[in-house]
Amino acid sequence: MCLGIPGEVIEILPDQPDLARVDVSGVKRAINIGLLTDDPPVPGDWILIHVGFALSKIDEQEAKAAMDFLISIGQAYEDEIAALLESRIDERQ
Amino acid sequence: MRFVDEYRDAEKARALAAKIAALCEPGRHYKFMEVCGGHTHTIYKHGLEDYLPESVSLVHGPGCPVCVIPMGRVDDAIALAEQPDVIMTSFGDMMRVPGGRGSFFDSSAAGTDIRMVYSPLDALKVARQNPDKHVIFMAIGMETTAPSTAMTVLRAAAEGIENFSIFCNHVMIVPAIKAILDSPDLRLDGFIGPGHVSTVIGCRPYEFIASEYGKPIVTAGFEPLDILQSVYMLLQQLAEGRCEVENQYSRVVPWQGNTVALRAVGEVMELRPFFEWRGLGFISHSALQVRERYAAFDAERRFAIPGVRVADPKACQCGEVLKGVLKPWECKVFGTACTPEMPIGTCMVSSEGACAAYYNFGRFSRQRVREVTIEASRA
């Protein structure tokens, strides 16, 4: 759970503006962007995701570096991605 | 392409290593602590110690939130899970952490309802879906994770959700660094500061390390070159007689941190007078608890918690590993009685733990070094 996972913002959810649809390794998930209200991300921005929340905006090069780091650590990253894929924070029910 | 990058990186690493060696004063030994478990991973995975001169050693710090949870708190969480009509939710990392009465996995096998979640927001969703149950989120993590918990409590309050609370075990790395600096066990020359923690708190909270303790600290990224660059920056400060907070990871870490995140934590949580850290003992003002005005979301107020202190198993030396006094392989049970499959201590459970990182990566390069040394001595 300590890992920061890079993702690319696809869209801000129109009915829930604190959530963004984010592409993480080719899979789209809702991520909370409430911690970035001082400098809100827009589609095309890269963010660092931690336990379902965007922690900071990063550039594409840093996103690639972060992904290389994650792939290098192996199992822990696979566990984290598997957990993220189970996550469904955008569904109200 | 990747191979070309790796080759270039190796070239850069060797160039940095030469600059590092040139900065070392002859006859002086340097000991730097990397506070963050993510950095420990990088160091072992890439065998970075092999790039450093013998006079520079890296020791591992307490920056793994799973590793520092004392056994008694695991038992308290299991006691909560055993309450009638309670669903306990937890990050996957916590599931195998042994308490005095076993782990979450053991408790779940014995019939409690403990579910793994990726985000505290997933825990809140479990609460929405199970209005007849009370859902508790096992909140662990350092400054990086506390804002997510705080935001989730704020969301629960805004939605008027009444069957959700958190068992707050958020700890803070800065008081732990201070405790290590006050401890007579270890003489350190500087710190490689945590990366993700610093995206939240920024660099200012580290200023006392330079001003009061006279030690340099460099906030670092997670790439192998980031770590080597940080070691270089630390040595440069020492060589020039400077003691400052420097930010090697400025491409991600803003100097002032994330003020929205800090405000959310400040709204929902306050400092505990003291909190027990595994291996480090009680450290004052080192953890967070839920504020009175959010008492409805505080499992410690809603339920009676046993609060029993449980001593670590005698064979376990996680404490010494967390303080950087022992290297993982120097622990008596490392790799024999204590393995990632059957852990005795927390440092072997978490992927961020120094023992698990060394078990998975480091031991191979160390074995190689040992083999080479043996060969050389035979020759």
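Read the figures in this text as sums done on the coordinates, not as results from a lab. Here the structure is a predicted model, which is why all the values come from computation and not from measurement. Methodologically, a virtual Cβ is constructed for each residue, glycine included, from the backbone with ideal geometry; neighbour enumeration extends over all protein chains shown.
Please compute the net charge surrounding B:V74, taking Lys and Arg as +1 and Asp and Glu as -1 over other residues with Cβ under 11 Å from its Cβ.
Within the 11 Å Cβ shell, the charges total +1.
Please list, in chain and number order, the residues 5+ apart from B:V59 or on another chain whose amide H is under 5 Å from its amide H, with Hs placed from the backbone.
B:F32, B:M33, B:E34
Other chains' Cβ within 10 Å of B:249-259 residues: what's the mean?
3
When a footprinting reagent is the concern and you count Cβ atoms within 10 Å, what order do B:M142, B:M116 take, fewest first?
Ascending number of Cβ neighbours within 10 Å: B:M116, B:M142.
Using the beta-carbon distance between B:W255 and B:S284 and R0 = 35 Å, what value does 1/(1 + (r/R0)^6) give for FRET efficiency, to the nearest 0.05?
It comes to 0.85.
Using a cut-off of 9 Å between beta-carbons, work out the net charge of the residues near B:V59 (Lys and Arg +1, Asp and Glu -1, B:V59 not included). Present the calculation step by step, with values, prior to reporting the outcome.
Details: positive: B:K31, B:K323, B:K327; negative: B:E34.
Net charge in that neighbourhood comes out at +2.
Can you compute the modelled spin-label distance between B:E82 and A:K28, with each label point 7 Å from Cα toward Cβ, in nm?
4.7
Give me, ordered by chain and number, the residues 5 or more places off B:H170 or on other chains with an amide H under 5 Å from its own placed amide H.
Those qualifying (amide H under 5 Å, at least 5 residues apart or on another chain) are B:L288.
Averaged over every viewing direction, what's the projected area of the C-alpha convex hull for the range B:114-264? Give it in nm², one decimal, please.
For the range B:114-264, the mean projected area of the Cα convex hull comes to 10.9 nm².
May I ask what percent, to the nearest 5, of DSSP beta bridges between residues of chain A are antiparallel?
95
What ranking do B:C168, B:C203 get, fewest neighbouring Cβ atoms within 10 angstrom at the top?
Final ranking by Cβ density, sparse to dense: B:C203, B:C168.
When a/c reaches 1.5 or more, the comparison of a/b and b/c decides; with that in mind, is chain A rounded, prolate or oblate per its Cα gyration tensor?
oblate
For chain A, modelled as a Gaussian network with Cα springs under 10 Å, which listed residue fluctuates most, A:I49, A:I71, A:I81?
A:I71
For B:R278, what residues show an amide H to amide H distance below 5 Å, using hydrogens built from the backbone and excluding near sequence neighbours?
Correct list: B:I69.
Around B:P84, with a cut-off of 11 angstrom between Cβ atoms, what is the net charge of the other residues, counting Lys and Arg +1 and Asp and Glu -1?
-2
Within 10 Å of each residue's Cβ, count the other Cβ atoms and sort B:T339, A:T37 from fewest upward.
Least to most surrounded, the residues fall as A:T37, B:T339.
How large is ³J(HN,Hα), in whole Hz, for each residue of the range B:176-193 in order, when computed from phi with the Karplus curve 6.51 cos²θ - 1.76 cosθ + 1.60 and θ = phi - 60°, using x for Gly and Pro?
5, 4, 4, 4, 5, 5, 7, 7, x, 5, 9, 9, 10, 9, x, 10, 8, x
From the backbone phi of the range B:140-157, what are the Karplus-calculated ³J(HN,Hα) couplings (6.51 cos²θ - 1.76 cosθ + 1.60, θ = phi - 60°) in whole Hz, Gly and Pro given as x?
10, x, 9, 4, 5, 9, 3, x, 5, 5, 4, 4, 5, 5, 4, 5, 4, 5
In chain B, what is the count of Lys pairs whose alpha carbons are under 19 Å apart, counting only pairs at least 8 residues apart or on separate chains?
Going through chain B pair by pair, I get 15.
Nearest 0.05, what FRET efficiency do B:A239 and A:D68 give at R0 = 30 Å with Cβ-Cβ as r?
0.45
Could you give the length gained by full extension between B:A315 and B:S55, i.e. 0.36 nm per residue of separation minus their alpha carbon distance, to one decimal place?
90.5 nm
Could I have the simple spin-label model distance between B:R28 and A:D79, label points 7 Å from Cα toward Cβ, reported in nm to one decimal?
4.0
Can you compute 3J(HN,Hα) from phi for each residue in the range B:117-127, using the Karplus curve 6.51 cos²θ - 1.76 cosθ + 1.60 with θ = phi - 60°, rounded to whole Hz and x for Gly and Pro?
10, 8, 9, x, 5, 5, 5, 5, 5, 4, 5
Which of the GluC sites (Glu not before Pro) found in the range B:306-365 are in a DSSP loop and have at most 13 neighbouring Cβ atoms, other than their own, within 10 Å?
Here the GluC sites (Glu not before Pro) that fit, given the DSSP loop and packing criteria, are B:E341.
Taking the DSSP beta bridges in the range B:30-135 as the whole, what percent of them are antiparallel, to the nearest 5?
The antiparallel proportion sits near 10 percent.
Could you compute the FRET efficiency for B:D106 and B:D182, with r as their C-beta to C-beta distance and R0 at 35 Å, rounded to 0.05?
For B:D106 and B:D182, the calculated efficiency is 0.45.
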